[in-house]
1. Apply 1/(1 + (r/R0)^6) to the Cβ-Cβ distance of residue 287 and residue 373, taking R0 = 30 Å, and write down the FRET efficiency to the nearest 0.05.
2. Rounded to the nearest 5, what % of the DSSP beta bridges within the chain are antiparallel ones?
3. What is the spin-label model distance, in nm, from residue 406 to residue 113 if the labels are put 7 Å beyond Cα along the C-beta direction?
4. Would you work out the charge dipole size for the chain about its Cα centre, treating the Cβ of every Lys and Arg as +1 and the Cβ of every Asp and Glu as -1, and quote it to the nearest 20 debye?
5. Mean 1/r over all different Cα pairs, inverted: what Kirkwood radius does region 140-223 give, in Å?
6. For region 119-155 and region 168-224, what is the separation of their C-alpha centers, rounded to whole Å?
7. From the phi of every residue in region 321-328, what ³J(HN,Hα) in whole Hz does the Karplus formula 6.51 cos²θ - 1.76 cosθ + 1.60 yield, where θ is phi - 60° and glycine or proline is x?
8. What nm value, rounded to one decimal, do you get for the distance between residue 39 and residue 533 when each label is placed 7 Å out toward the C-beta?
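Nothing in this text is a laboratory measurement; each read-out follows from the coordinates by a stated rule. Just so it is clear, the structure is predicted and the values come from calculations on it, not from any experiment. Don't worry about glycine lacking a Cβ; one is built from the backbone with ideal geometry, like all the others, and counts go over all protein chains shown.
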Amino acid sequence: MPPDAAAAPAEDYIKPADVGDLPPFVATPDMIRATAASAPDRIAVKCEGRAVTWGAFDRRMNRVARALMAGGLRKGDKIAVLATNSIEYLEVFMGALRAGICVVPLSTMGAIDALEGMLDDSDSRMFFLSQQFLELVAPAEGRLGKLVAGGRIAFDFERPGWTDYEAWVGAQSDAPLEVAVEPDDDFNIIYSSGTTGLPKGILHSHRMRSLMRDRLAAFGFASDTVALVSTPLYSNTTIAGMLPAIQHGGTVVLMRKFDVVRFLELAQAERATHAMLVPVQYQRLLAHPDFDRYDLSSFKMKLSTSAPLRAQVKADCLERWPGRLVEIYGLTEGGGSCTLEANLHPDKLHTVGQPGLGCVMKIIDEDGNELPQGEVGEVVGRAAMMMKGYYKQPGKTRELFWHDKDGLMYFRSGDMGRFDADGFLELLDRRKDMIISGGFNVYPADIEVLLLKHPDVVDVAVIGVPSDQWGESPLALVVRRDGATTGAAAILDWANRQLGKTQRLAGVELRDSLARSTIGKIMKRELRAPYWEGRGSKI
């Protein structure tokens, strides 16, 4: 490790919550080794017509691990990857883990200053890059001082100062490699989303990631799984949906980029059994006019996460898409989650379900007091699957904590919600997205649910904007269905006749689309920014 790495001392990292018996620890690279030994000819991964067996994939992992070590990296070091989905990306990810090296998958949405900051903050010693992002990275090439000599690896391009990936990995032996991986060793750092400042690096351990094999087995992951992966590999959503398939020795079908028709074609051709999708993907797939022409009968499980899946989309999915539908609510940091088995609870589609296996969830008020069932407050959670902490930011890590009367530590979610009489969690909004108008708490989600009932509204975001009279007021940004002619004033009148006095909209603005991240989250901070910058635009 370089002398300037300045990693936080062990006591600044979180110990796993004691929430019951845990299965024996087996590191993910060892799970892969076992599959390669027992089923070497089974397909491990496919991408754009190319297929690799488990035996071949395991050997490539050995080459990657040896190449990293030949470059001077050792257990506990970090590597960063900025690339499109590919078999090479996946083998670098898993091969690094075999060498005991932590992987830092970087968001393809980042600006160069943010990416440069994440590379430096993560103490990454090698950097793997796709040609697609070369132009973005080029201005900072000379400032990546923590990389080792020869530490710039090019997946699919030639450029002075960069080493060709195939030459780099091909120079090494594929003989088995043994590096002892312990439960608390670093697995990955995932940087939280953010458009301003340096995002926080969420550090996960091998223990947390290995638990996914057992925790998600209830969702039908097994050796015959065919998981269709259509979101970027830097996303925790992707890792959560893909890793159990790998750990169980199934097959991963990678899409370089999501496309509705291509997804449906692959799902049919590959007889996909599993997919982890984000809400906007469900919306686009189900809205496609040819959706019902594809044979999706092979699906056993469809998972949704990253943002609440709207009730009407769940209902449509249950009616038209075979297999189970499960929504998962939780944080990238871990610390509790809820799951909704939509098929079993069609009357609870407005919720995100009940606390998952080994999870304890509570609701607290602004003063940190636990609230009774039915009252609205911030969601906190506790589970065995919890991050180690924010990398090198123990102060930020501690800000996440809430302790109950027995001194047990929970993670604060920043989400507002309430548990209904049956113990199902109804999510309202991020705490920071809540609107305080005239001293009253206004939850945008409640207004959005109403607006989506309008026959001409297909997408909506309600944000708080400055108001001289009320401090801030709700404004609806609305996307209409194709061909709709209903105007903003008519939608405003329709909504306000049904909303309570404190919820009434100050205005409706029509938009062609809403700003979203690459995994489909509506970026409300970006939507709000023009109205609050200089407080020049008021409603």
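1. Numbers: r = 36 Å, r/R0 = 1.21.
For residue 287 and residue 373, the calculated efficiency is 0.25.
2. On the way: 50 of 86 bridges.
Taking every DSSP beta bridge with both residues in the chain, the antiparallel ones total about 60 percent.
3. Computed distance between label sites residue 406 and residue 113 equals 4.7 nm.
4. Numbers: 62 positive and 70 negative charges, 91 e Å.
So the magnitude is around 440 debye.
5. On the way: mean 1/r = 0.0584 Å⁻¹.
This gives a value of 17.1 Å.
6. 21
7. So the Karplus estimates, Gly and Pro as x, are 10, x, x, 6, 10, 10, 9, 10 Hz.
8. 5.2
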